[in-house]
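Worksheet: the structure to be examined is printed underneath.
The values are calculated or read from the model by the stated rules, or taken from the named source; none is laboratory data. Remember, it's a predicted structure, so these values are computed and weren't measured experimentally. Virtual Cβ from ideal backbone geometry, glycine too; neighbours counted across all protein chains shown.
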Amino acid sequence: EDKHRLGTAIAAYLQYQKICGSNIPQAGGLTPGAGTDNGRRTPTWLDLDIYSMQKFLETVAGPLRIPSHKRYIQYFSGLLSGVIKLNSSSFFLKAIRVESPPCLHYRAITVNSEWRSFIKIFEGVRCLFTSDIYVIPITTRHFIYEIKHPLRLRGDILVRCYQIIPNNNKATYEKELIASVQFHTCAITEKEVQFTKGDLDLACEDERFSAEHRMTFCFDTVPNERPMILVFQDPLVRVEPIAENGDHLETINEGKCSTVCFFAAQ
């Protein structure tokens with residue numbers, strides 16, 4: 001995990017040098033690449049620095065593999081180059097629509113062939129929302145994590161999706177983090193933002209998720225309290241208050257939330 005975060009920081013530095021490095025003055029007033037030796041370009045301290053960082057990234061930190069880390073590098077590069085225009089507005093999350101849920105591990109499926117799942121939403125390192133537990137028939141192809149009161153989001157956002165695994169030897173349940181996604185509201189321009197399997201941390205390499213799996217975040221720019229028409233909701237899907245399934249599930253607020261934050265909340 002530390003190597004992944006270090007690699008993300010180095011990749012961001014290399015992107016910065018790629019886009020803005022030509023504006024950095026050199027010792028003696030020269031700009032990068034200004035020196036020549038017999039008609040050939042003389043490497044500068046900046047060239048050597050970039051080369052050493054690239055080698056370190058390749059041999060020690062390794063290539064970026066976590067989708068959220070790649071996404072933040074894209075944000076960083078887009079903001080530096082002007083491709084992404086900073087959006088400082090708040091957004092209100094109304095629902096998360098899920099298509100093609102994972103082919104679940106047998107331990108997570110109850111005798112009634114149902115799957116139990118819930119989500120947690122963080123802003124920065126603070127937990128803002130914990131959903132009810134959704135009891136979903138395994139034949140369901142679409143369902144919605146409903147947010148009854150639109151949730152105001154701004155800045156770095158992390159969404160974690162859990163499944164609940166029955167434990168026959170204990171009175172409590174086990175939980176498993178099966179997918180997560182991190183994004184920043186500064187880059188949101190649409191009212192629906194879609195993440196495919198390849199965009200989701202953990203799920204991207206999990207064979208239980210089909211290639212068609214996707215999560216769609218439904219936003220609004222105003223706190224519209226009118227209920228959504230749940231056009232994707234299977235009528236067999238039901239919800240259970242999380243407190244009814246044990247206090248241990250109610251308190252999993254992950255006080256230390258592992259995030260990569262390049263941008264301060266505006």
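Things worth noting here:
- Exactly one residue out of Ser89, Ser77 is buried (at least 16 other Cβ atoms within 10 Å of the Cβ), within 15 Å of Phe183 (Cα to Cα) and modelled with pLDDT under 90, and it is Ser77.
- Residue within the stretch 155-173 that is β-branched (Val, Ile, Thr) and closer than 19 Å to Arg71 by Cα present: yes
- The residues in the stretch 61-93 that are of a type in the set (A, V, I, L, M), over 16 Å from Ala12 (Cβ atoms) and not in a loop (DSSP other than H, G, I, E, B) can be counted, and the count is 1.
- Complete set of residues in the stretch 126-151 that are in contact with a Leu (Cβ under 8 Å, 6 or more places away or on another chain) and over 12 Å from Trp115 (Cβ atoms): Leu128, Phe129, Ile144, Glu146, Ile147, Pro150, Leu151
- Residues of the stretch 119-177 satisfying the condition of being under 27 Å from Asn224 (Cα atoms) and of a type in the set (Ser, Thr, Tyr): Thr130, Ser131, Tyr134, Tyr145
- Hits in the stretch 49-87 (condition: among the basic types (Lys, Arg) and within 20 Å of Ile19 (Cα to Cα)): Lys55, Lys70, Arg71, Lys85
- Residue match in the stretch 22-32 (condition: part of a helix (DSSP H, G or I) and at pLDDT 80 or above): no
- Meets criteria (at pLDDT below 65 and under 29 Å from Asp206 (Cβ atoms)) for Glu58: no
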